[in-house]
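These notes are about the structure you will find just below.
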Amino acid sequence: MHKAFQFRLYPTKEQATLINQSIGCSRFIFKSFQKIRKGMGSLAKNPVPPSKRRFQLAQSQSQGGKDS
């Protein structure tokens, strides 16, 4: 037997703003790494290792999130 609950959240304006900021940051990180994987991974036929991704993320954060 499978049971599920479905509910809807009604966030305040402040909460909605924070949720949208989080989603925007996640989207930026996902798309930037997708661009890196498409450029590097397809040429070398090897995925970018997690340690290098963490380093690149730290680098982009120190630059203020600017795309290089």
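The values are calculated or read from the model by the stated rules, or taken from the named source; none is laboratory data. Keep in mind that what you see is a predicted model, and the values were worked out from it rather than measured. Cβ placement follows ideal geometry from the backbone for every residue including glycine, while neighbour counts extend to all protein chains displayed.
Taking A44, is it exposed (fewer than 10 other Cβ atoms within 10 Å of the Cβ), at pLDDT below 80 and among the hydrophobic types (A, V, I, L, M, F, W, C)? Outline the logic, then answer.
Values: exposed (fewer than 10 other Cβ atoms within 10 Å of the Cβ): yes; at pLDDT below 80: yes; among the hydrophobic types (A, V, I, L, M, F, W, C): yes.
Spelling it out, A44 is indeed exposed (fewer than 10 other Cβ atoms within 10 Å of the Cβ), at pLDDT below 80 and among the hydrophobic types (A, V, I, L, M, F, W, C).
Of all residues in segment 7-39, which are assigned to a loop (DSSP other than H, G, I, E, B) and either touching a residue at least 40 places away in the same chain (Cβ under 8 Å) or surrounded by 10 or more Cβ atoms within 10 Å (Cβ to Cβ) (or both)? Walk me through how you get there before you give the answer.
Taking segment 7-39 and keeping what is assigned to a loop (DSSP other than H, G, I, E, B), we get 7-12.
Selection gives P11 alone.
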